[in-house]
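Peer 1: What follows is a single structure, and I will ask about it in a moment.
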Amino acid sequence: MLARNRFLLLVVVGGAALAIISLSLQFLNLIPTNPLAEEQMFQAVDGDAGVALGKSRKRVLPVPHTQEPDPISEAYGYCNTPNHTEQAWEGHSPADYKLLSVQVMIRHGDRYPLYSIPKTKRPAIDCSLSINRKPSHPLMTSFISHMGQGGRGHWESTLGSVPRLPNHSACEMGELTQTGVVQHLHNGQVLHQAYKHHNLLPFDWSPHQIWVETTGKSRTLQSGLSFLYGFLPNFDWTKLTVHHQWSTLFCGSTCDCPARNKYLEEEQRRQYRLRVADTELERTYADMARTLGLLTRQLRAANPIDSLLCHLCHGLSFPCVPTGETGTGGCLTMAQFAVIRRQQLDDEVERRRVGLYHKYAILAMYPYLNRTASKMERVAKSSEAGRRSRAGGEEVFTLSSAHDVTMAPLLSALGLEEAKFPRFAARVVFELWRSPPTTQGLPKKRTSKGDKSKAKDGEVFIRVLYNGEDVTFHTSFCRSHDRHASQPLCPLKNFLSFVRRDMFSVVNATSYQEACYKRPG
């Protein structure tokens, strides 16, 4: 009996860093199987110098250690409570390398739950903005004022009618909170500091130099605006156009992919089988339902983990109900929360082992990755010596404001299977760098007036960062690259080959078209 109890304890507290992946895959049929359903399901699921190159990546991609992480501590990490001590490694490169472009995907910030637990009081959270309420930010006052001028901006589709600030004293379902705004004001400011010495964007930046896109939900639009306000050297509404992505996968006109949907359906069935076989999870849901006076299936349908995470992140006690005839009464507990999270950890381990989600992710994120690769290639070519610059400048900064169901498959498609599940206000950053010019194969040196040797353009490289950590050499396309080679960054050509051919090998295909229209094997 003692051995069994020890085993159960280890199971509850055990697990890897991706503790909350099944917030997005929590119940069968909650993940949409076609692009139209993705939009409809928004209401059901949301879930977000060379020294730097040697930086430890343990926080993002943990290595085995003797003491397993506490799942409750991991949940607090998911909350991402704003602080100003974060060490960000964006903008770091070997000396004399030139930063050519930056593309960022963010998950929206902290939000109110998408579900309410029946018979309990909804979390008492104020979603209006106030500089007198914590957490706050030095930019908050000017940000609130500036968002009032948003009519001067250019809005694609119906985005112009979406509120630019959270504004309800009693939060609406899924609404961005003040914490979410602060998280992205902070994110934007961190990246502003990281890149300001690289002259990525001048103070008088051109509309051609920036591309901003978001889904149609207020929490992603508001998160994107918060980030931009902290990031831009001069937030000018008249130069800003906000583009609408109608699919959570940011797949634009190339969303149709039958094989992707089949992989997702198979993944849903795998998850369902694992969940119903978990007797401890079933007992826990039954206990919670009995406390609340509900049927177990009613509690499941209410997705209690979403609401419980909100209580945890905002320091609120878990929901309680008075004793009555229909239930035993009492409060939901941290121990019950831990059991649900333990099952999520088990699901994540099994998800990686089976590989169906990875195949789904490859096909789901190809359109976004292909656009990312094409933009990098275009900027790289335009930066070559002797090429005429585009009027108004090249597009050097892209912001995509998205959801956990966007970022989680992006991480998987890149091969970052061990990365932590996207927390609130998570960010993935793609940087494009050019090495110093060379003269006859050697680094360029100062030449005398009579020296007519020609300097060749340096090579072009990519860096990938996740929540400020350099994860480039953990990606599928650069895992085998020799970090001690003459150039300590990952060649862009590796990424281009991966996106346009190599990534499809896991589905036994050589192109997106072939992969989408063949039966999954």
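Peer 1: Conditions first: (1) within 23 Å of residue 276 (Cα to Cα); (2) modelled with pLDDT under 95; (3) open to solvent by less than 40 Å² (accessible area, probe 1.4 Å); (4) not aliphatic (A, V, I, L, M). Residue 357 passes all but one, so which condition is the exception?
Peer 2: For residue 357, the exception is condition (2).
Peer 1: Working carefully through the options 410, 369, find the one that is surrounded by 19 or more Cβ atoms within 10 Å (Cβ to Cβ), farther than 17 Å from residue 515 by Cα, at pLDDT 95 or above and in contact with a Phe, Trp or Tyr (Cβ under 9 Å, 6 or more places away or on another chain).
Peer 2: 410
Peer 1: Just the residues that are part of a loop (DSSP other than H, G, I, E, B), at pLDDT 60 or above, open to solvent by 40 Å² or more (accessible area, probe 1.4 Å) and touching a strand residue (DSSP E or B) at 6+ places or on another chain (Cβ under 9 Å), please, taken from region 437-482.
Peer 2: Selection gives 437, 457, 459, 481.
Peer 1: Among the listed residues 312, 308, 299, 363, which satisfies the condition of being part of a helix (DSSP H, G or I) and closer than 30 Å to residue 256 by Cα?
Peer 2: After ruling out the rest, the residue left standing is 363.
Peer 1: Could you tell me whether residue 235 is outside any helix (DSSP H, G or I) and touching a Pro at 6+ places or on another chain (Cβ under 9 Å)?
Peer 2: For residue 235, the condition - outside any helix (DSSP H, G or I) and touching a Pro at 6+ places or on another chain (Cβ under 9 Å) - is not met.
Peer 1: Also: Tally up the residues in region 243-263 that are open to solvent by less than 10 Å² (accessible area, probe 1.4 Å) and not in a loop (DSSP other than H, G, I, E, B), please.
Peer 2: 3
Peer 1: Additional query: From the list 196, 98, 121, which one is in contact with a Phe, Trp or Tyr (Cβ under 8 Å, 6 or more places away or on another chain), open to solvent by 20 Å² or more (accessible area, probe 1.4 Å) and assigned by the TED database to the domain that holds residue 239?
Peer 2: Result: 98 is the single residue among 196, 98, 121 that is in contact with a Phe, Trp or Tyr (Cβ under 8 Å, 6 or more places away or on another chain), open to solvent by 20 Å² or more (accessible area, probe 1.4 Å) and assigned by the TED database to the domain that holds residue 239.
Peer 1: List the residue pairs whose Cβ atoms are under 8 Å apart, where the first residue sits in region 132-143 and is of a type in the set (D, E, K, R), the second is modelled with pLDDT of 95 or more, and the two are 6 or more positions apart or on different chains.
Peer 2: Every condition considered, the pairs that remain are 133/126; 133/178.
Peer 1: If you check residue 302 against the conditions, is it surrounded by fewer than 16 Cβ atoms within 10 Å (Cβ to Cβ) and outside the structural domain of residue 149 (by the TED database)?
Peer 2: no
Peer 1: Can I ask one more? Of everything in region 264-285, what is open to solvent by less than 30 Å² (accessible area, probe 1.4 Å) and assigned to a helix (DSSP H, G or I)? Give them in sequence order.
Peer 2: 264, 267, 268, 270, 271, 275, 281, 284, 285, listed by residue number.
Peer 1: If you check 169, 206, 157, which single one turns out to be in contact with an Asp or Glu (Cβ under 6 Å, 6 or more places away or on another chain) and surrounded by fewer than 18 Cβ atoms within 10 Å (Cβ to Cβ)?
Peer 2: 169
Peer 1: I'd like the full set of residues that are open to solvent by less than 10 Å² (accessible area, probe 1.4 Å) and either under 18 Å from residue 428 (Cβ atoms) or touching a strand residue (DSSP E or B) at 6+ places or on another chain (Cβ under 7 Å) (or both), limited to region 179-193.
Peer 2: 180, 183, 184, 187, 188, 191
The values are calculated or read from the model by the stated rules, or taken from the named source; none is laboratory data. Predicted model, so just to flag it, every value in this text is computed and none were measured. Positions of Cβ are backbone-derived with ideal geometry, glycine not excepted, and every protein chain shown enters the neighbour counts. Each accessible area value is taken on the protein alone, full model and side chains, heavy atoms only, with ligands, DNA and RNA left out. Shrake-Rupley method; radii C 1.70, N 1.55, O 1.52, S 1.80 Å.
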